[in-house]
């Protein structure tokens, strides 16, 4: 079903138009926001710097989005983008360079021109820090993973290493241990910075921990079969046979636009939202990985929908009450 | 893919067993929780008093769950239940009568026996108050709706009545107005109890408001084509041609078990949860409609997943820290 008219919105049929709502990012959060916004009658566009799909595109297999028992990440995003396109225009290759507030409008400068809107949803995502070692990119999705909750299950009862020393790394290790993996944690420092209760849980389970150790290479022809490890203090090197490498050395939210808008963020740079996915800045909402929480498709589609409905509610307020809160 | 073994859990192959986690309710929230819990290695069962699907079963058509452009509610729930069954046992016709905390376990008495667990997810849903007038049940899903966000779009640019005078009713009316509906609000009292800004927005849009008025009958052969209205002060009756009747006279959460567990609720009886879907009671989580928020499938699948991951994290804590928080 294609929707060709804009009801109740202020958008004009212009290639660089003025909208009720602009959604930045076409991952699952942005796509869901687009569906909900248009169904609520808001004029709306999604600006995507690359192609729709976000980080999901890199997942060879997804089994935990309810309704799709097993699907390639790329395929799921194709289906979701097609669903969204029935409602909303997705402008690909349209990167937002700068956003400013001018009177009651946001003005967005992109790589191709200017857009403006009364409200913005930031669905800009995040990316995982990489180790930057040989084999990592080549074997990504073939044994190298950046999300235990997403991919751990594929490694059930096999030997894996988790790289990192923070809360995410240790939670990943517990998750993998829980599904029967033989887990080795590799950390470049001599102590974890994770919460004490996580460290205690790791001890309780007797997971192997290698401090002062780095991964120098990830090996395998078609799939990961080993990692090359090096002790940074002794210089000793070792090769360990594993099926999986879970890299948990940090996740970086794409929150530059949020910063420009003065949106409140946590120390890691993730945008702080309330249960309605409103930020502290009126008419600015955030959803998906940039807003923290569990980094899962289910969370993203919820965030996008809720943010769009919050935008609808806020924009429906009469003009005179809009600025008094 | 069927998973036949329980890794890392304490569940035994028993018809009335002991589990890491019991999920009460097999709507989208409960089903999603089951998928995530089992993938995290928790032993788990879903107890459902009826059949899987929850309120979604009553929706003839769903267009806003990303990935399914148009699907019958019943069909979507079939697909989702099948997905969940690949991971977790769903016990249908198993109503939880009573839940008590005994030492470090919850004990649940059901219509057929007893279960116990270390953690509980309440995914018990809610139901909408009905008007209780002739035609309402017969035409439900055929013009009669209890959710404008879900169904409003099907009534684009047509004449509808919204019944009620609270925030939900007026928000529904604004939503329907935004998509080009001709909206009449019917309220049995002489004033709205909704927030002032919503009342102002309704005035600003010039939507018709009929105070002191009730719906006596919903009419139509196959689909709604009119409502019979009565002024409760003058007794005057009138028939109004409409395509849709949006009933917004209250939603009642199924929060009896939450009350037994001492879980904090809002004045409407909806369970209060944080962003991780934890309640104030340790090892008790809530997701889906019973936990308030937007009453949408996207919110339910997120809540279920997040609650299961929170349960996993809490249960992974070492024994000695489990009771000190």
Residue within segment B:201-218 that is exposed (fewer than 15 other Cβ atoms within 10 Å of the Cβ), under 30 Å from residue B:271 (Cα atoms) and within 14 Å of chain A (Cβ to nearest Cβ) present: no
Tally, over segment B:257-291, of residues that are under 15 Å from the mean Cα position of the chain (by Cα) and either surrounded by fewer than 23 Cβ atoms within 10 Å (Cβ to Cβ) or without any contact (Cβ under 8 Å) to a residue 12 or more places away in the chain (or both): 4
In segment B:30-58, residue surrounded by the fewest Cβ atoms within 10 Å (Cβ to Cβ) [restricted to those that are touching a strand residue (DSSP E or B) at 6+ places or on another chain (Cβ under 6 Å) and away from every other protein chain (no Cβ under 14 Å)]: B:51
Residues located in segment B:266-281, provided they are under 14 Å from residue B:254 (Cα atoms) and either within 13 Å of another protein chain (Cβ to nearest Cβ) or out of contact with any strand residue (DSSP E or B) (no Cβ under 6 Å at 6 or more places or on another chain) (or both): B:266, B:267, B:268, B:270, B:271, B:272
Restricting segment B:59-72 to residues that are surrounded by 15 or more Cβ atoms within 10 Å (Cβ to Cβ) and away from chain A (no Cβ under 12 Å), the residue that is modelled with the lowest pLDDT: B:59
Members of segment B:19-29 found to be touching a strand residue (DSSP E or B) at 6+ places or on another chain (Cβ under 7 Å), in a loop (DSSP other than H, G, I, E, B) and on the phi < 0 side of the Ramachandran plot, listed by number: B:26
Segment B:69-91 - residue that is part of a helix (DSSP H, G or I) and free of Cβ contacts under 8 Å to residues at least 40 places away in the same chain and, of those, farthest from residue B:298 (Cα to Cα): B:85
Residues of segment B:282-325 that turn out to be at pLDDT below 95 and more than 10 Å from every other protein chain (Cβ to nearest Cβ), as a count: 2
Among the candidates A:177, A:187, residue that is within 12 Å of chain B (Cβ to nearest Cβ) and buried (at least 16 other Cβ atoms within 10 Å of the Cβ): A:177
Test: residue B:95 is out of contact with any helix residue (DSSP H, G or I) (no Cβ under 7 Å at 6 or more places or on another chain) and closer than 25 Å to residue B:144 by Cα: no
Criterion violated by residue A:114 - all others in (1) more than 16 Å from the chain's Cα centre (by Cα); (2) crowded, with 16+ Cβ neighbours inside 10 Å; (3) outside the structural domain of residue A:221 (by TED's automatic domain parsing) satisfied: (2)
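The values are calculated or read from the model by the stated rules, or taken from the named source; none is laboratory data. Just so it is clear, the model here is predicted, and its values are computed rather than measured. We place every Cβ from the backbone using ideal geometry, glycine too, and count neighbours over all the protein chains shown.
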